[in-house]
Amino acid sequence: MAIEEKTTPFIIKEASDNDLDMESLGRDLNENLFYYLGKSPLVATLQDIYHAFALTVRKRLLQRWINTSMAYVKQKVKVVCYFSAEYLPGPHLGNNLLNLGIFPTISQAFARVGANLDYFLDQEEEPGLGNGGLGRLAACYLDSLATLEIPAIGYGLRYEFGIFDQEIRDGWQAEITDKWLQWDNPWEIHHPEIAYEVKLGGCCQTHPDRDGRLVVHWHPERVVKGVAYDTPILGYNVNTCNVLRLWKAEAIESFDFQAFNKGDYYDAVDEKLVSENLTKVLYPNDEPFEGKKLRLEQQYFLCSCALQDMIRLHLHFAPNLGDFHESWAVQLNDTHPAISVVELMRLLVDERQIPWDQAWDTTRKVFSYTNHTLLPEALEKWPLPLFAQVLPRHLEIIFEINRRFLDSVRLRYPGDNSKAARLSLIDESGDRYVRMAHLACVGSHAINGVSALHTELLKSSTLQDFFELWPEKFYNITNGVTPRRFLALSNPRLTALINSKIGSDWIKDLYKLRQLEEFAEDPDFQQSWREVKLANKRQLANAIKARTGISVDPQSMFDIQVKRLHEYKRQHLNVLHIITLYLRLKKDPTLEITPRTIIFGGKAAPGYFMARLIIKLISSVAEVVNRDPDVNDRLKVVFFPNFNVKNAQKIYPAADLSQQISTAGKEASGTGNMKFALNGALTIGTLDGANVEIREEVGPENFFLFGHTVEEVQYIKAQGYNPYLYYQSNEHLREVIDLLRSGFFAHGDRDLFRPLVESLLYQDDYLLMADYQSYIERQDEAGMTFLDKKRWTRMSILNTARMGKFSSDRAIQEYCQHIWQVKPTFIELQDITLEQV
Ligand code: NBX
């Protein structure tokens, strides 16, 4: 940053609108190339230019960020802290150009010198600091918070290795270590001066203090240092620039020379390695829950660093912590950061001697909790011995919270011991566990689900006892996605077409897309709409060819399912449909069908055998179908490797049909469903998660619905579900299963897919067999509808036009109003002098 001595001692230059003109951008780009990277344009690589350019843009963000943080401090605003163990922000450069409003000018400037901006954007390694929907939601929410000018900090972990890169080898998933930091990360600012000590393990002792009060001392087994790395998060078309603050674990002393002299060199190095291990790697399992000690340590490390940071910031400007809850609202992104409820109590009670009741009142006012799953196997519960080993003091505090909580429960439900046992923070039905969802509920003033259906199910099943106890604490806030990244940035063609009709206000107010409805039947508009889709499909077809070698026809229907691999998401139901179509073509090679390209993408948790096997199944079916002359290119199957944010931005805009086919009651919300529909894809889906609301918004006539409802699923299971009966009674289903188990797709190997087939025939927890027939019927209808170009295009336009509700801006406004009680703060861009600081 250019700091120059002038009349006042220091002035940060160019903190005004003219920092976005081409001259100043060009000058900074050259300077960064020369003086930061030490390169001349003659020898600079694409990566060098990307880097110099990123630094040029970052400078503009920092100017806005400093203005923003100073305004927050001066106006003593309430700040939202989003606590999340995962973030999937995607590449930053393109998004920052968009939000600064300079994407078109930059793109043209590159074109003028014969360069394609996309090549430079492509250089960026995305931070894969999350598994899937939950981490991406956190990133969408940071974008909306900044765009809505809400003071906010995202707190998370700076994993050195994020989610693995996926390759497909011989049809199987191979995991490659993610190296997102290998070229240095120009977006982050390392703050070694913002660091906190985090204690782990050991034991606790109680001593009287000078006044005779009992004080607890925690004697940890080890202490790790958390260091801040900040990434600026700029809003769209505003000066608000918030921050994503990620913590890296380091050893307390970076190198212990004394130990070296004493001959303990390896111990000293060991200590460093053990400490740094804490934030080495993201756990690549979404669900089910796995009780690993290092993961508990990671969770606690995040919470302790974040809360210590908030307390430091608070005490910078306030005399004490008495009004802490008036200045901060913390959202817990699932239970991963739920230990922060206990950590805040410890910091207030043990470290600042605040009376328990006051501390508890503050804590409950500060926290609120979002639940993202109903799957019982995904709920976090830590074995007591493990918990005691890592966080001995926290366990004591949990016992005390629980004692007081259960006392109040007993008063409310006299004599109902089973109620108390069900609500308890400790599961004592067998081995003892700490139930993190219960801790989050008790320690929060608000609890929310992520779609209307999910919230209803939370209230009637997973958190039923809590709902009965505190109905006023429950809210639904249906998820949303940012229209900036997932339409304006990723689909420039559609954006230009929409803008030509209704202007660009929809980027900040997605309900404005409704104005497109009046053009839904306009032949010229329809024609342009189809041309845009076709161009996007061509682009994806090229990427598919480059990544997989498979040629696909852009005129065919692009029928896409991209999301984490999971049995409940039923990618294998999609495969049953492919085999059904294949068999039809084999029986009658002259059959007229709608040509389809069925595209899959998504990662499987490395230890999830069935999910990995489903990837192998998709690849194996693809191998047979794609080269069978009887099929004659009318059916193509593609597994697009390494589905991440960057690839997603190419995929959503090219979809005709979006597959959202989870078993009803299993997908909390889904957000891919929203991204597809926003880009004009029609959905084939079940009444699950946010599909229900998407269908309501777009109209049932513009949505291909199939499958059993939640109530029907419950009923079928209660009756004693027998999937084998469906196999026996449905001839087509039987042919599909028989072909699968004959070894036809496995070079004659009858064993390869046996686990899948047997699970379907004899277990079928996710009701594929029960939903098969209605799925096939709706797929047939989708295929027929696609041939009616006018009708399809109308439906597609109406899907986009009616997506207003699914903007993350709407979701964040609801959080602000109902849960956080925070308001926007307008940020003016001005020069800053050191005197002001
Ligand atoms: O959160 C997802 C849900 O499955 C989606 O339905 C929902 O739309 C999305 C956002 O609300 N959950 C999810 O992505 N979970 C994880 O990624 C996860 C990560 C780590 C972990 C457990 C779950 N230990």
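The values are calculated or read from the model by the stated rules, or taken from the named source; none is laboratory data. Note that this is a predicted model, so its numbers are computed, not measured. Methodologically, a virtual Cβ is constructed for each residue, glycine included, from the backbone with ideal geometry; neighbour enumeration extends over all protein chains shown.
Residue count for segment 695-727 under the criterion of being part of a helix (DSSP H, G or I) and surrounded by 12 or more Cβ atoms within 10 Å (Cβ to Cβ): the result is 16. Evaluation of residue 438 against the conditions (1) more than 30 Å from residue 688 (Cβ to Cβ); (2) crowded, with 21+ Cβ neighbours inside 10 Å; (3) more than 16 Å from the ligand (Cβ to nearest atom) shows that the sole unmet condition is (1). Looking only at segment 252-275, decide whether some residue is modelled with pLDDT of 95 or more and closer than 21 Å to residue 160 by Cα. No, because not a single residue in segment 252-275 is modelled with pLDDT of 95 or more and closer than 21 Å to residue 160 by Cα. Evaluating residue 686 against the criteria (1) over 14 Å from residue 773 (Cβ atoms); (2) within 16 Å of the ligand (Cβ to nearest atom); (3) not basic (Lys, Arg) leaves one unmet condition, (1).
The set of residues in segment 641-664 being in a loop (DSSP other than H, G, I, E, B), out of contact with any Leu (no Cβ under 6 Å at 6 or more places or on another chain) and within 15 Å of the ligand (Cβ to nearest atom) consists of 643, 644, 662. Scanning segment 392-417 for residues being within 15 Å of residue 364 (Cα to Cα) and in contact with a Gly (Cβ under 9 Å, 6 or more places away or on another chain) gives a total of 1.
Among the conditions (1) under 30 Å from residue 222 (Cα atoms); (2) crowded, with 20+ Cβ neighbours inside 10 Å, residue 399 misses just one, which is (2).
Listed by position, the helices (runs of 4 or more DSSP H) enclosed by segment 440-505 that each have at least 3 residues that are within 24 Å of the chain's Cα centre (by Cα) are 452-457. Restricting attention to segment 760-792, the residues that are acidic (Asp, Glu) and on the phi > 0 side of the Ramachandran plot total 1. The single residue among 392, 376 that is assigned by TED's automatic domain parsing to the domain that holds residue 314 and at pLDDT 95 or above turns out to be 392. Among the residues of segment 218-234, none qualifies, meaning not one is more than 27 Å from residue 614 (Cβ to Cβ) and out of contact with any strand residue (DSSP E or B) (no Cβ under 7 Å at 6 or more places or on another chain). Restricted to helices (runs of 4 or more DSSP H) entirely inside segment 729-835, those with at least 3 residues that are of a type outside the set (Lys, Arg) and within 30 Å of residue 170 (Cβ to Cβ) are 731-741, 754-762, 768-787. Working only within segment 368-388, note down all residues that are surrounded by fewer than 21 Cβ atoms within 10 Å (Cβ to Cβ) and either of a type in the set (Phe, Trp, Tyr) or more than 31 Å from the chain's Cα centre (by Cα) (or both). Matches in segment 368-388: 385 only. Is there a residue in segment 85-95 that is surrounded by fewer than 18 Cβ atoms within 10 Å (Cβ to Cβ) and over 21 Å from residue 246 (Cα atoms)? No, that holds for no residue. Residues that are surrounded by fewer than 22 Cβ atoms within 10 Å (Cβ to Cβ) and under 30 Å from residue 287 (Cα atoms) within segment 582-600 are absent altogether. Within the span defined as segment 355-367, every residue fails to be buried (at least 23 other Cβ atoms within 10 Å of the Cβ) and within 16 Å of the ligand (Cβ to nearest atom). Taking the condition in contact (Cβ under 8 Å) with a residue 60 or more places away in the chain, away from the ligand (no atom under 16 Å from the Cβ) and basic (Lys, Arg), does residue 484 pass? Criteria met by residue 484.
Filtering segment 92-151 to residues that are among the charged types (D, E, K, R) and under 29 Å from residue 823 (Cβ atoms) leaves 136, 143, 149. Scanning segment 237-249 turns up no residue that is away from the ligand (no atom under 16 Å from the Cβ), surrounded by fewer than 19 Cβ atoms within 10 Å (Cβ to Cβ) and farther than 27 Å from residue 140 by Cβ. Looking only at segment 665-679, which residues are more than 14 Å from the ligand (Cβ to nearest atom) and either in contact with a Cys (Cβ under 9 Å, 6 or more places away or on another chain) or assigned to a loop (DSSP other than H, G, I, E, B) (or both)? Across segment 665-679, the qualifying residue is only 679.
If the condition is being within 16 Å of the ligand (Cβ to nearest atom) and acidic (Asp, Glu), then segment 452-472 contributes only 456.
Could you go through segment 415-432 and let me know if any residue there is more than 16 Å from the ligand (Cβ to nearest atom), of a type outside the set (A, V, I, L, M, F, W, C) and buried (at least 21 other Cβ atoms within 10 Å of the Cβ). No; the residues of segment 415-432 include none that is more than 16 Å from the ligand (Cβ to nearest atom), of a type outside the set (A, V, I, L, M, F, W, C) and buried (at least 21 other Cβ atoms within 10 Å of the Cβ).
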